[in-house]
Structures are given as C-alpha cells and as structure tokens.
Amino acid sequence: MSFKIIIFGVRDSEIELFQQLKPKSFELKLISDNLTHENVALTAGYDGVLLRANNLADAHNLNQMKSYGIRYIFTRTVGYNHIDLNQAQQNGQVVAYVPSYSPYAVADLAFSLGIMQARLLPTAIANSAQGDFRINGDSLTTEFQNMTVGIIGTGKIGQAEARLWQAVGARVLACDFHPKAELAGLVSYVPQADLLAQADVVSLHIPYTQGKNDNIFAQTELAQMKANAVLVNTSRAEITGEEAILDAVENHHIKAFATDVIKNEAAYFGKEIGSTDGTVGRMQALYPRVVVTPHLGSFTNEALNDMITTSFLNFEHALADDFDDNFLVKPNLSKV
C-alpha cells in the first residue's frame, strides 16, 4: 500500500524533480498554492503533508488535519516558524524539517546582492532603462579587494558567503556567539559594534526564533553602520526592524538595502500584486536603492535536490519510527 503525501507550494519547475526523487512506495499530490485556511480540506485522505515557507500550519490547520487522521506534517525548509510546534505536540503529530541544504544557494544570492548594491548596479540599470545614461557621484565605489564585509551569523550559509568574499580579495569580519574554527585565517571575529562601524557590506545570516530575537537589527544597529554601507538580509525579515531600515535608506544613513525576505511574505510572494502600500509599498518606492527578491535564495538545482531528498528520507525514517535530529516533534507513534 502506497504512502500518500500532499505537497503544497510546488512551483512548475519543481514538478519533474519531485517525481524523479520520490520513493516508489510514495504517491504524491502536488499543489501549486500554499496551504491556507481556505484549502486545508485538500489534505483529507492523505497520510502526510509537506510544506515550505509561507504555508500555514497554525493550530486551526493542524487540528483540521488531525481530524483527517494526518500525523505527519513536514516542511522542506530550514525555517519552521510557519508550523505551530506546540499544537502539533498536543495533537501527537510528527514534525520534521530540513536542517541544511547546499549552503551556497543562499550564500550566492547574498554575495550577488551585496555586489549589486555596493556598485549601485540596480540604480544604473534602472536609469539606463529610462534613458538616463549619466554617472552621478553616488556611483563611485571601492573595489572589492579594498572592501570590508561583515557577516553576522556564521553558520553554514554565513561561512559560504565569507569564503566568496574572501575569494575576491575583500577583508571579512564576522560576528557570532560561537566562532567557527574552520574560518580561522579567513575571517576576523569582532564585536558586532566594531563590525558595523567598519563594514562596507553587512550581510545577515541570523536564524529567527519567534518571540526571542524579533527586530534585533533595527535603529541602534543601523546607527552604527557607515553612511556608505549596504545591508543585505537573506535570513528572516522578522529579525529586523523593516521601517527603521527604510528610514535609514531614505535619509541616506546607509547607502542601500537588499533583501530576499519580508514580513508577512505569504501576502505577497508567489503573487503578482502590482504597486501596493504599507511597508512593501515603501520598498517599491525606494527602488532601486532598496531591492527585494521573492525568497528565491534556496531556488537552485542543488538546494532543491537536497531539500526534496531530505524530506522524503524524513518520511521514510518516520514510518520506521527512526526519529533523528531532523524531527522537531517526534512522539512515540506506531508504524503506519
């Protein structure tokens, strides 16, 4: 008997890979939409659910899935703040995630965004598209080998970005509660205030823990940055004060901002919304000194392969009652 999994948030370009990598004993239903309150009924009749960021696995949806007999609620992402772990625990539902995938997927994007904004390439490209081919003083920049780059958070992704910057000759500073021995000779660990005071590019790689480190990078930290510095965020928007960042850009307290994440992403990413208001509207208005990409850091062939493969392995381990560190909630369940 096949094990039936419904998978939400599947892009067209991912369909073939899911089919190629699935174990023969698994039957898949691929849904392009994210999981919401409105479509949770689609999970009825399935044994497991696989999500990604911006899918909604709150208490309401978890309880609804429990009523359908669904015990396995997995995510194919590193982040898992879209799943209510406490409710899953109460419901006796197993939750697993993908603790790591190709770190260069996000690191490449962070590196690219840093280069783009350090050279103000989006500004030059946007101006040229409008027929303005003048070079203004803001475009004057420092070459990479004379730049200082600050990496805040040196997990696998932060380490990968540090190596990319070091490879082009930049001086790399880092800040982390747990300095990594493997970066010895590649980066200099310094207090965060020192990093912010010196860095031409500041790149954030801080994991988000809901209720513990919300908005930890905001006005105080921005005030410590150089006026010609660039801020890049490819971790989670919740760790930042978005309005404070936009104020800093608007008032020329920092040169530019690039982000692959925004708060309340589910309302925007994956949709064509045109111009809008609120914080996202401010980001649009401040383009090209503010650049937003739609959470595509992990969207590489290598990363997708890792995420999908690990997710299927998680299901296989769960069915064998073999719970490892990939499992966030792992009650003692009998085999299906």
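The values are calculated or read from the model by the stated rules, or taken from the named source; none is laboratory data. This structure is a prediction, so every number in the text was calculated from the model and none was measured. Note that each Cβ is placed from the backbone with ideal geometry, even for glycine, and that neighbours are counted across all protein chains shown. Heavy atoms of the whole protein, side chains included, go into the accessibility calculation; ligands, DNA and RNA do not. Shrake-Rupley method; radii C 1.70, N 1.55, O 1.52, S 1.80 Å.
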Counting only residues that are without any contact (Cβ under 8 Å) to a residue 40 or more places away in the chain, among the small types (Gly, Ala, Ser) and either under 20 Å from Tyr101 (Cα atoms) or open to solvent by less than 20 Å² (accessible area, probe 1.4 Å) (or both), the range 13-70 contains a total of 2
Restricted to the range 150-194 and to residues being over 20 Å from the mean Cα position of the chain (by Cα) and part of a strand (DSSP E or B), the residue farthest from Gln224 (Cα to Cα) is Ala184
For the range 40-58, the count of residues that are over 16 Å from Ile5 (Cβ atoms) and assigned to a loop (DSSP other than H, G, I, E, B) equals 4
Going through the range 84-97 in order, the residues found to be under 10 Å from Ala57 (Cα atoms) and either open to solvent by 10 Å² or more (accessible area, probe 1.4 Å) or among the charged types (D, E, K, R) (or both) are Asp84, Leu85, Gln87
Scanning the range 285-336 for residues that are surrounded by 15 or more Cβ atoms within 10 Å (Cβ to Cβ), of a type in the set (Phe, Trp, Tyr) and within 30 Å of Leu246 (Cα to Cα) gives Phe299
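Here's the yes/no breakdown for (1) touching an Asp or Glu at 6+ places or on another chain (Cβ under 8 Å); (2) surrounded by fewer than 20 Cβ atoms within 10 Å (Cβ to Cβ); (3) among the aromatic types (Phe, Trp, Tyr):
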{"site": "Ala197", "(1), (2), (3)": "no, yes, no"}
{"site": "Asp200", "(1), (2), (3)": "no, no, no"}
{"site": "Glu221", "(1), (2), (3)": "no, no, no"}
{"site": "Ala229", "(1), (2), (3)": "yes, no, no"}
{"site": "Asn251", "(1), (2), (3)": "no, yes, no"}
{"site": "Ala258", "(1), (2), (3)": "no, no, no"}
{"site": "Ala267", "(1), (2), (3)": "no, yes, no"}
